[in-house]
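Have a look at the structure below, then the notes.
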Amino acid sequence: MAVLTIKDLHVSVEGKEILKGVNLEVKGGEIHAIMGPNGTGKSTLSSAIMGHPKYEVTQGSITLDGQDVLEMEVDERARAGLFLAMQYPSEISGITNADFLRAAINARLGEGNEISLMKFIRKLDEKMAFLEMNPDMAHRYLNEGFSGGEKKRNEILQLMMLEPKIAILDEIDSGLDIDALKIVSKGVNEMRGSDFGCLIITHYQRLLNYITPDYVHVMMQGRIVKSGGPELAQRLEAEGYDWIKKELGIEDEAVEQEA
Amino acid sequence: MTVETKLPFTQDYVRSFSEERGEPSWLLNLRLQALAKAEELPLPKPDKTKIDNWNFTQFRNHVVESKPLSSLEELPEAVKALIDLNEENKNLYVQRDHTAAYISLSEDLKAKGVIFTDIFTAVSEHSELVAKYFMKDGVKVDEHRLTALHAALFNGGVFVYVPKNVEVNVPLQAVYIHENPEAALFNHVIVVADDNSKVTYVENYISTNETANAVVNIIAEVFANTNARVFFGAVDNLAKGVTTYVNRRGIAGRDGRIEWALGLMNDGDTVSENITRLIGDGSFGDTKTVVVGRGEQTQNFTTSVIHYGKHTEGYILKHGVMKDSATSIFNGIGKIEHGASKSNAEQESRVLMLSDKARGDANPILLIDEDDVTAGHAASVGRVDPTQLYYLMSRGIPKAEAERLIIHGFLAPVVSQIPIESVKKQLIEVIERKVK
Ligand SMILES: Nc1ncnc2c1ncn2[C@@H]1O[C@H](COP(=O)(O)OP(=O)(O)O)[C@@H](O)[C@H]1O
Ligand SMILES: [Mg+2]
């Protein structure tokens, strides 16, 4: 069973400290949700885990099954079993979705163990049908000209094709209508199992009606300030974040502006 | 370095060259007049590239002897890879240096009156037809020294003619092999699609030697007459030592359409000019070019669509990848003449830089002499987008492979257009080899 362990993580972007000591452990079989107002560092956390070059870890550690993730290149992290569904997926012209997915799968399997074309196509057809995607999407260029909702669905398609140990879904729900939200949730629920851990980042409780989390964390000012079960998400939905701010004596929910 | 500008060939030489081939007098005279003009005319002036010191005129052999092929199996592997050897009804021309080495045209097309033959055979068998198109309304003899020199000395090429109302639905392929390192190639290609006809022509230039110092001067003239369609694909893959001047010109009549997909992969210094003249009302020109520059080479690519007719549409797309110390200028010119109302000129030029020492310059130009038109352009010079790289790597794809994918994606607009699988595959392989 996989374990992603984050200890005392401090992260800066362009010299500005955004994360100020995050502690979190996600195990296979668990679904965690991180909620919080905009600008509090949720995407920064996901980018730092995946290794985006702009995000500098200044303190703390991230390990996956005891291996030092911070020592790994981005692609090595992915091959070790991490996956990030990005808030803003890139568009890449000239590479079809299918070619890209095959390259990604084969990168995991390694030279000599490549997936057969037949097997790949069968799996792709199956997952696309499950996510109610138009089969044409396989032959369109990667995310190019996709609508917001199509991009999100395509992230979940990649998740299902790549079958990571631990996935981080960064605002996979934003910009989705209810039908699309249900499909995306169906995809994530399909992945659920003891081999799969998931960290869902959202600021709407709505998503958690479809994917019931085991743990809910609240992030503010670059820290996880409160953790609990699914009932915490419901209270946030009903009452907002003010009560937490009051409880913790936080003035402004966003990261302080620099002078 | 100073370059000898005196031409290495005399009127007497050109006269006997032409007479030996039994050329009609119109062509002999055209050659002789052209040679005289080549003495006086200046070199072309490709914008932003200085070519005074390039060698376009000094070479040892105007004609070399090469053997015709008794079987395609005799071809070098690199050339065989371009050809579908299993296809029985080949429409294929292979030229070794100056020798028409292999030609085949399906009986079906022959019966329909399609002409696909080497330029010398065409001159002797269809003199009037060739005379009607040869350096008249397409490229003019006296545009500059290199067009004049070309007319005087052309020593290879093909002639394609598709009669009225004939649609050719399989590609015609020409392969020009630069075999002998001392051979100078002055290749002339004419593609004519007469009224309401349709044709696809794909050409490959390939060196099978590591040439030290050779001259190649290519002119292709393409005519889409009334309501005709021409698709013209090319992969140029000449060796490092070859200095190339290549001029591909299209003339579209009323409702005519010309589409170009050009993979310009030469390793030597190259001046490439591709102009499409939309003469007839409702005509259409689409020109897609991809380029990879590497090593020390300097290249200049001028692509232009000129609108004369009303309701004409012109599209220019150019994508270039520059590595090592390669230098390239990409000039894109959309020109709308007075009277070409309701026309649309669009262009996009993008250059991807893979090295600090490489230079790439995209110059989009719109020249508009008419009010009632639409036009637009986009240009950029940049590096591989780190966000795209991160995205691909986050799926487990190693950095080098991710870069490779992005570069191939960037060049896909032309690669995906090539209608012959073997040529497409070869273009992908050339790109692979060049960007590595
Ligand atoms: N790439 C970046 N460049 C500059 N500032 C950034 C970047 N990413 C995030 N930030 C800043 O870090 C803070 C937290 O952003 P983010 O992690 O995206 O928040 P969230 O995902 O919680 O909305 C914000 O103040 C944001 O402006
Ligand atoms: Mg965010």
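Tabulated data
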| item | result |
| --- | --- |
| Selection count where residues are in contact (Cβ under 8 Å) with a residue 40 or more places away in the chain, at the interface with another protein chain (Cβ under 8 Å from one of its Cβ atoms) and open to solvent by 10 Å² or more (accessible area, probe 1.4 Å), scope the stretch A:77-89 | 2 |
| Enumerated strands (runs of 3 or more DSSP E) restricted to the stretch B:84-187, each holding at least 2 residues that are open to solvent by 30 Å² or more (accessible area, probe 1.4 Å) | B:99-104 |
| Test: residue in the stretch B:122-138 that is without any contact (Cβ under 8 Å) to a residue 60 or more places away in the chain and polar (S, T, N, Q) | no |
| Residue satisfying condition, being under 19 Å from B:Pro386 (Cβ atoms) and either more than 8 Å from chain B (Cβ to nearest Cβ) or more than 16 Å from ligand 1 (Cβ to nearest atom) (or both), within set A:Val74, A:Val57 | A:Val57 |
| Flag for A:Gly29 being touching a residue at least 60 places away in the same chain (Cβ under 8 Å), away from ligand 2 (no atom under 16 Å from the Cβ) and at positive phi | yes |
| Of residues in the stretch A:1-10 being of a type outside the set (Lys, Arg) and surrounded by fewer than 24 Cβ atoms within 10 Å (Cβ to Cβ), the one farthest from ligand 1 (Cβ to nearest atom) | A:Met1 |
| Selection from the stretch A:145-161 of residues that are within 12 Å of chain B (Cβ to nearest Cβ) and either closer than 17 Å to A:Pro135 by Cβ or open to solvent by 10 Å² or more (accessible area, probe 1.4 Å) (or both) | A:Lys151, A:Asn154, A:Leu157, A:Gln158, A:Met161 |
| Criterion (within 13 Å of ligand 2 (Cβ to nearest atom) and out of contact with any helix residue (DSSP H, G or I) (no Cβ under 6 Å at 6 or more places or on another chain)) met by exactly one of A:Ser12, A:Ser43 | A:Ser43 |
| Among the residues listed as A:Ile34, A:Ile62, A:Ile49, the single one being out of contact with any Asp or Glu (no Cβ under 9 Å at 6 or more places or on another chain) and assigned to a strand (DSSP E or B) | A:Ile34 |
| Single residue of the stretch A:97-109 satisfying the filter (in contact (Cβ under 8 Å) with a residue 12 or more places away in the chain and more than 9 Å from chain B (Cβ to nearest Cβ)) that is most open to solvent (accessible area, probe 1.4 Å) | A:Arg102 |
| Among residues of the stretch A:126-156, those that are in a helix (DSSP H, G or I), touching a residue at least 12 places away in the same chain (Cβ under 8 Å) and acidic (Asp, Glu), counted | 2 |
| Only one of B:Glu107, B:Glu39, B:Glu65 that is acidic (Asp, Glu) and farther than 29 Å from B:Asp269 by Cα | B:Glu107 |
| Residue count for the stretch A:155-175, restricted to those that are within 16 Å of ligand 1 (Cβ to nearest atom) and of a type in the set (A, V, I, L, M, F, W, C) | 3 |
| Residues that are of a type outside the set (Phe, Trp, Tyr) and within 14 Å of chain B (Cβ to nearest Cβ), drawn from the stretch A:115-144 | A:Ile115, A:His139, A:Arg140, A:Leu142, A:Asn143, A:Glu144 |
| The listed residue being more than 16 Å from ligand 2 (Cβ to nearest atom), under 22 Å from the mean Cα position of the chain (by Cα) and of a type in the set (Phe, Trp, Tyr), out of A:Phe146, A:Phe120 | A:Phe146 |
| Elements of type helices (runs of 4 or more DSSP H) in the stretch B:334-436, at least 2 residues being within 13 Å of chain A (Cβ to nearest Cβ) and among the acidic types (Asp, Glu) | B:399-415 |
| Cβ pairs under 7 Å, 6+ apart, first in the stretch A:199-219 and at positive phi, second in a strand (DSSP E or B) and away from ligand 2 (no atom under 13 Å from the Cβ) | none |
| Criterion (of a type outside the set (Lys, Arg), outside any loop (DSSP other than H, G, I, E, B) and touching a residue at least 24 places away in the same chain (Cβ under 8 Å)) met by exactly one of B:Gly280, B:Gly295, B:Gly314 | B:Gly314 |
| Single residue of B:Gly263, B:Gly241, B:Gly280 found to be closer than 24 Å to B:Thr374 by Cα and open to solvent by less than 30 Å² (accessible area, probe 1.4 Å) | B:Gly280 |
| Residue satisfying all of: in the stretch A:196-243; more than 14 Å from A:Ile172 (Cα to Cα), among the aliphatic types (A, V, I, L, M) and within 15 Å of ligand 1 (Cβ to nearest atom); nearest to the other protein chains (Cβ to nearest Cβ) among these | A:Met219 |
| B:Lys48 being within 25 Å of the chain's Cα centre (by Cα), open to solvent by 20 Å² or more (accessible area, probe 1.4 Å), over 17 Å from B:Val141 (Cα atoms) and basic (Lys, Arg) | yes |
| Scope the stretch A:165-195; condition within 14 Å of chain B (Cβ to nearest Cβ) and open to solvent by less than 10 Å² (accessible area, probe 1.4 Å); matching residues | A:Ile166, A:Ala167, A:Ile168, A:Leu169, A:Asp170 |
| Candidates A:Gly29, A:Gly112, A:Gly39, A:Gly94 - the one that is at the interface with chain B (Cβ under 10 Å from one of its Cβ atoms), open to solvent by 10 Å² or more (accessible area, probe 1.4 Å) and not in a strand (DSSP E or B) | A:Gly94 |
| Test: B:Ile333 is modelled with pLDDT of 95 or more, open to solvent by 30 Å² or more (accessible area, probe 1.4 Å) and within 20 Å of the chain's Cα centre (by Cα) | yes |
| Qualifying position, being out of contact with any strand residue (DSSP E or B) (no Cβ under 7 Å at 6 or more places or on another chain) and crowded, with 18+ Cβ neighbours inside 10 Å, among B:Gln388, B:Gln426, B:Gln417 | B:Gln388 |
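This table checks each residue for (1) within 16 Å of ligand 2 (Cβ to nearest atom); (2) closer than 27 Å to A:Glu25 by Cβ.
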site: A:Ser116; (1), (2): no, no
site: A:Leu131; (1), (2): no, no
site: A:Arg140; (1), (2): no, no
site: A:Glu163; (1), (2): no, yes
site: A:Arg192; (1), (2): no, yes
site: A:Leu199; (1), (2): yes, yes
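Residue-by-condition table, conditions (1) at pLDDT 95 or above; (2) part of a strand (DSSP E or B):
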| residue | (1), (2) |
| --- | --- |
| A:Gln158 | yes, no |
| A:Ala167 | yes, yes |
| A:Ser174 | no, no |
| A:Ile224 | yes, yes |
| A:Gln234 | no, no |
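The values are calculated or read from the model by the stated rules, or taken from the named source; none is laboratory data. Given the structure is predicted, the values throughout are model-derived calculations rather than measurements. When we count neighbours, we look across all protein chains shown, and the Cβ atoms used for this are built from the backbone with ideal geometry, even at glycine. Keep in mind that these areas ignore ligands, DNA and RNA; they rest on the heavy atoms of the full protein, side chains included. Shrake-Rupley method; radii C 1.70, N 1.55, O 1.52, S 1.80 Å.
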